[in-house]
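Below: the structure, in structure tokens.
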């Protein structure tokens, strides 16, 4: 919600595009949508679990973010210079913040106009709400936008992580680092379970939900796994062996995610907040990149799917307010009928159309304008600008 080359962007270099990765993003966004709209009335337990577990889409987004950022910016930041770091931050700001701010302004004004409490808006404007232990603050105005707060933290961490990961020069080192990171993440989850904090209500500031699901620090694990997967993909290339293995890894990983979502015993557990979905997500993303000719990659590369993937950030940002405005999700309280299912389909279609419109009318033009306005063409320009500023002690 993520989310956020990053979770949300299609800025993969034109000669290195991975359309299936872009297409995957709309399914991650739809999973989050499903968790908010809820299952139809009278659905079996596994369907209820599948819809409710759509929060796993956020984990997919954070892994995607690390993968795509590393795929695009690794060479620029492995030996970072001031100009390259600055341009990286400009690109991320231009990609994510304009639409985020537009939606926030609308919701704050709307809440104030109807006499609601608009306090704490500044935390959301600064995208720091995810750090607050109070869920009513973190989820105020536009609940899913908490993940954009996490995304900004991951952006800030990225130029620090890349020089460290650049020291891992072999495939073996990358795989061992990914395994070690997964073990550390598993140890943290196990500690929450053993100490009983995994059973605390999700709104409790000490709960596993707060620390494993929406804590920016915890999401560094997902992000780092994505970076490592991107480096492994680049090193392995499109060799016959890598393509063959990835062609069956992808469908298996996708099936694992679906099965985990439909497993009632996993729903709302400490393991489900992150790790249980991070592992198959990183395998799926790697496989899609490594086997572009597989049936799954080709399905996710269909033009309509890619278009919706490009608009997935807008979809993610507006879907919760739109659900409320349209009254979507009423099939959970009404007897299931053809007309009710059709209505839910129309609601979803309306939100998708709105997202595509915002993508073309707001995201693209503001991104181009801000990057032209703020980006530096070389390091000398930044050095000249820095020398004109007063020094600090």
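Please tell me if residue 216 is under 21 Å from the mean Cα position of the chain (by Cα) and in a loop (DSSP other than H, G, I, E, B). In short, yes. Annotation: residue 213 fulfils all but one of (1) under 25 Å from residue 35 (Cβ atoms); (2) at pLDDT below 95; (3) surrounded by 13 or more Cβ atoms within 10 Å (Cβ to Cβ); the unmet one is (2). If you go through the range 38-70 and keep only what is buried (at least 24 other Cβ atoms within 10 Å of the Cβ) and farther than 30 Å from residue 160 by Cβ, you end up with just 53.
Scanning the range 108-142 for residues that are under 21 Å from the mean Cα position of the chain (by Cα) and over 18 Å from residue 212 (Cβ atoms) yields 123, 124, 125, 126, 127, 128, 137, 140, 141, 142. In the range 41-62, what count of residues is obtained for those that are more than 24 Å from the chain's Cα centre (by Cα) and assigned to a helix (DSSP H, G or I)? Residues flagged as more than 24 Å from the chain's Cα centre (by Cα) and assigned to a helix (DSSP H, G or I) within the range 41-62 amount to 2. Kindly indicate whether residue 3 is within 10 Å of the chain's Cα centre (by Cα), at positive phi and at pLDDT below 95. Yes; evaluated as a whole, the condition is true for this residue.
Give the range 14-39 a look and list any residue that's at pLDDT below 95 and either touching a helix residue (DSSP H, G or I) at 6+ places or on another chain (Cβ under 9 Å) or not in a helix (DSSP H, G or I) (or both), or say none.
The answer is 16, 17, 18.
Answer yes or no: is there a residue in the range 203-213 that is in a helix (DSSP H, G or I) and farther than 14 Å from residue 268 by Cα. Taking every residue of the range 203-213 in turn, none turns out to be in a helix (DSSP H, G or I) and farther than 14 Å from residue 268 by Cα. Look at the range 262-277: where a residue is under 17 Å from residue 188 (Cβ atoms) and a partner is part of a loop (DSSP other than H, G, I, E, B) and modelled with pLDDT of 95 or more, sitting 6+ places away or on another chain with Cβ atoms under 6 Å, you get 272/266.
The values are calculated or read from the model by the stated rules, or taken from the named source; none is laboratory data. No experiment lies behind these values; they were computed from the predicted model shown. All Cβ positions, glycine included, derive from the backbone under ideal geometry; neighbour counts span all protein chains shown.
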